[in-house]
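Data block below; observations after.
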Amino acid sequence: MATIFHIVKACCIIFQEGEMMAVRNSEFNSASSLMATGDAASSNTMALVIDVQDFARMDAADARNYAEHLASNLTALRESGVPVTWVTMRKDAQLYEPTPSASDSAPQVRNLDQLREMGFHGIDADHENSEIFRDFITNFGPRTDEAVSVKSVKSALVERADAEGRPDYQNALAAECGEAFDTYFTGGKTLAEYMGDVDNTILMGAVSSHCISETAVSAAIKGRNPVIVTDAVLSWQGDDALVNPRSSVQLWRGTGGDSANFDAFHQGKMNAAISSIVSDDRRGFTSDQVAAISNIGFVSSAALVPQLRSTGSASGATYQPII
């Protein structure tokens, strides 16, 4: 049976003469062109919705359209039994695990006080596009059967071991989270630990060139086969080197234009970011890790959602990049 991991590449990343290059392919691989490893339980796949905490610094129409698009993906994932985990950015890192509910009751979206505590500040009236965000998050946001992982660094999956013996990288992480490296990882269970035996990771959210790309790299080197849903991410407008997170505009489709052009725009942002991460000597990636990063996958919702709905599963099979 074909699964979403048979058809995941509209783009891929390859290495040539030490440089990371993006290669765009106009069509997704068909199931027959890729090799399946067989079916597995849906728990082998998990979707991460990263840093969708508000719709500030977005055009209202763009925010509304993105909310509808993301809601459609979330509905398909949930109906297919794929676990969804949410990630937010906040000063204090913490993992909120699913809460038990009666066996005969359907999971409910967490209440506003819980959402606010978990970092979904866009529900408050003093945030731009708060009505749009509140409508989205109270109808499609984290449910009681879904975990919420709060982080203070870009990667949702970074762990202490990733920086052991790399003092420059430890300092970089300390600068991101605003506290000493040794104290950041002294909390409870990490998201990486919570994921357990998850083999395949679907990534959506914000921002493409920062937390999405960093999380994809972390997932890749941990053997969790990351696939980024290219048309379910937000990107900063303009040059990322000049971005001010408090004021720079976030784009999904903007105020007009061809959707394929915006997909290429997001893809270009992520290609550049991943290339920069790989070339950062502070990270100390091994050749095997670099090879794993080169296999980061990309998929469109047009391929993802119908496959989820037709098979009722997002389980198990691997994907191969176009090299």
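The values are calculated or read from the model by the stated rules, or taken from the named source; none is laboratory data. What you see is a predicted model; the values in this text were computed from it and never measured. Heads up: the accessible areas ignore ligands, DNA and RNA and are worked out on the full protein's heavy atoms, side chains in. Shrake-Rupley method; radii C 1.70, N 1.55, O 1.52, S 1.80 Å.
Of note:
- Rounded, prolate or oblate (a/c below 1.5 giving rounded, otherwise prolate when a/b exceeds b/c) for the stretch 85-136 by Cα gyration tensor: oblate
- For residue 305, solvent-accessible area (1.4 Å; no DNA, RNA or ligand), Å²: 10 Å²
- Across the stretch 152-160, computed HN-Hα scalar couplings (Karplus, 6.51 cos²θ - 1.76 cosθ + 1.60, θ = phi - 60°) run 10, 10, 5, 7, 6, 10, 5, 10, 3 Hz from first to last residue, x flagging Gly and Pro.
- Residue-wise HN-Hα coupling along the stretch 47-52, computed from phi with Karplus coefficients 6.51, -1.76, 1.60 (Hz; x: Gly, Pro): 9, 10, 9, 9, 6, 8
- Overall form of the stretch 212-281 per C-alpha gyration tensor (a/c, 1.5; a/b vs b/c): oblate
- Put simply, the amide H of residue 231, placed in the peptide plane, has neighbours under 5 Å in 301, leaving out anything fewer than 5 places away on its chain.
- For the stretch 42-82, the square roots of the Cα gyration tensor eigenvalues, ordered a ≥ b ≥ c, give a/c of at least 1.5 with a/b no greater than b/c, which places it in the oblate category.
- Kirkwood-type hydrodynamic radius, the stretch 97-190: 15.7 Å, calculated from all non-identical alpha-carbon pairs.
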